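Please read the structure below before turning to the comments.
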Amino acid sequence: MKIHEYQARALLSDAGVPVPPGQMIESADLAGATYKRVVSEAGLGDGGLAVVKAQVHAGGRGKAGFVKLVRSAEEATEAARFMLSNRMVSAQTPPEGLEVNRLLIAAGVDIEKEYYLAITTDRGSRKNVLIASAEGGVDIEEVAAKNPDAILKEPIHPHLGLQPHQAMALAYRLGFQGKQVRQASSIMMALAKLFVEKDCSLAEINPLIVTPASAEHPDGQVLAIDAKFNFDDNAMFRHKELQELFDPSEENENELRAGRFGLSYIQLDGNIGCLVNGAGLAMATMDIVKHCGGTPANFLDVGGGASEEAVTEGFRIILSDNAVQGVLVNIFGGIMRCDVIAQAVVNAAKEVGFKVPLVVRLEGTNVEAGRKILDDAKSEIPTMQSATDLADAAKRVCEAVGA
């Protein structure tokens, strides 16, 4: 599960990480008053710098024009009206872009230096790892590609957690000086604690910044001004406070719909719909479709004990994608008998109504009885054909869509 930046900033603030004042709005009419409030809280006064940022689950906001610096209530209102009335298109959005429904207006800060800080799981070492770089403010993938030595990693002990001496040493290696060292290490410790407490799969601060020296802060301040959190869906049952942060408008409608029926569905950009029982078999099915020249339109696992209701809903979800020109059903009858699943496929196809080619491959328990059910139903479902094995099924569906 993902959350918005304004929610991530609130989590950091509650954990003791210093974050500039900010507030989320959903109407441009509130932008002016919100601007005045946040710059006042930051002690900036009239003409103080603030930033208006679109709240969507996609990167590239700045390049798309959906992060704007403002210095007045009027400029904040103008920026808010633009963002709330236009779709954001970036390298990380669909071609049609994303609708923007929420904005963050936050106090601006002077930046002397930017850093990257994150915690995720290293599956190679089977430990959580603290990742840091003195080259913040850009995608970490870009840093890794151009200057991999700039990325520092600190493994976190699974029982003891991140130790203070590790955080202090890493702060020195990153180049923090004076009082900045303790500030940075405290943020690292807070982030590590938050990562475990909230069952995160990713906790990222980018950028973590140092402000210029001032009379009040001779060594500058270390602040988090942007953050991203991803959480383990399997742990959400014990985090009701996080469940309330979920924004369904940012998710694929079909993926949410599939989840309500216990289906695992991910929409892709191909034209061959795939309905399979078992995640591993679904991946193999997609691979062989590609091998035969086709392009999968989705990943859809209906589960080992696929019911008629699940198959029916799976068909509806697949066919709701206008790009789908053919459907491949690949079922292995282990937990579920092939004759039962075949009848479910036939009943579901009749109910949904198929206008595109439907290729069904069955294997496993009672497979002959299942294939007979499919053959007997061909007159009622003229677009359906059965295949002898997976290779035959993939070849048939690819030929049917002209791949």
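Side notes on the structure shown:
- Options Thr365, Thr312, Thr383, Thr388; residue that is polar (S, T, N, Q) and closer than 19 Å to Phe261 by Cα: Thr312
- Test: residue in segment 39-46 that is touching a Ser or Thr at 6+ places or on another chain (Cβ under 6 Å) and over 14 Å from Ile225 (Cα atoms): no
- Among the residues of segment 340-355, those identified as assigned to a loop (DSSP other than H, G, I, E, B) and over 11 Å from Arg316 (Cβ atoms) are Phe354, Lys355.
- Residue that is in contact with a strand residue (DSSP E or B) (Cβ under 7 Å, 6 or more places away or on another chain) and over 26 Å from Ser186 (Cα atoms), where the choices are Ile25, Ile3: Ile25
- Of all residues in segment 205-263, those satisfying the criterion of being among the polar types (S, T, N, Q) and under 21 Å from the mean Cα position of the chain (by Cα) are Asn206, Asn230, Asn234, Gln243, Ser249, Asn252, Asn254.
- Residues that are without any contact (Cβ under 8 Å) to a residue 40 or more places away in the chain and buried (at least 19 other Cβ atoms within 10 Å of the Cβ) number at least 2 in the following strands (runs of 3 or more DSSP E) confined to segment 10-74: 67-70.
- Members of segment 319-375 found to be small (Gly, Ala, Ser) and under 16 Å from Arg396 (Cα atoms), listed by number: Gly326
Quick grid of which residues meet (1) of a type outside the set (Val, Ile, Thr); (2) under 21 Å from Phe66 (Cβ atoms); (3) assigned to a loop (DSSP other than H, G, I, E, B); (4) at pLDDT below 95:
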| position | (1), (2), (3), (4) |
| --- | --- |
| Ile105 | no, yes, no, no |
| Thr120 | no, no, no, no |
| Gly124 | yes, no, yes, yes |
| Val129 | no, no, no, no |
| Gly136 | yes, yes, yes, yes |
| Ala145 | yes, no, no, yes |
| His159 | yes, no, yes, yes |
| Leu170 | yes, no, no, no |
| Gln177 | yes, no, yes, yes |
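- Flag for Lys113 being within 21 Å of Ala190 (Cβ to Cβ) and among the basic types (Lys, Arg): yes
- Residues of segment 234-262 satisfying the condition of being within 17 Å of His4 (Cβ to Cβ) and of a type in the set (Asp, Glu): Glu241, Glu244, Asp247, Glu250, Glu251
- Check on Leu256, more than 23 Å from Ile140 (Cβ to Cβ), of a type in the set (A, V, I, L, M, F, W, C) and touching a residue at least 12 places away in the same chain (Cβ under 8 Å): no
- Cβ pairs under 9 Å, 6+ apart, first in segment 89-104 and under 13 Å from Asp247 (Cβ atoms), second of a type in the set (Gly, Ala, Ser) and part of a loop (DSSP other than H, G, I, E, B): Leu98/Ala58; Leu98/Ser90
- Among the candidates Asp226, Asp219, the residue that is of a type in the set (Asp, Glu), buried (at least 21 other Cβ atoms within 10 Å of the Cβ), under 18 Å from Leu174 (Cβ atoms) and at pLDDT below 95 is uniquely Asp226.
- Looking only at segment 304-333, residues that are part of a loop (DSSP other than H, G, I, E, B) and at pLDDT 85 or above come to 6 in all.
The values are calculated or read from the model by the stated rules, or taken from the named source; none is laboratory data. Just so it is clear, the model here is predicted, and its values are computed rather than measured. So basically every Cβ, Gly included, is an ideal-geometry build from the backbone, and we count neighbours across all protein chains shown.
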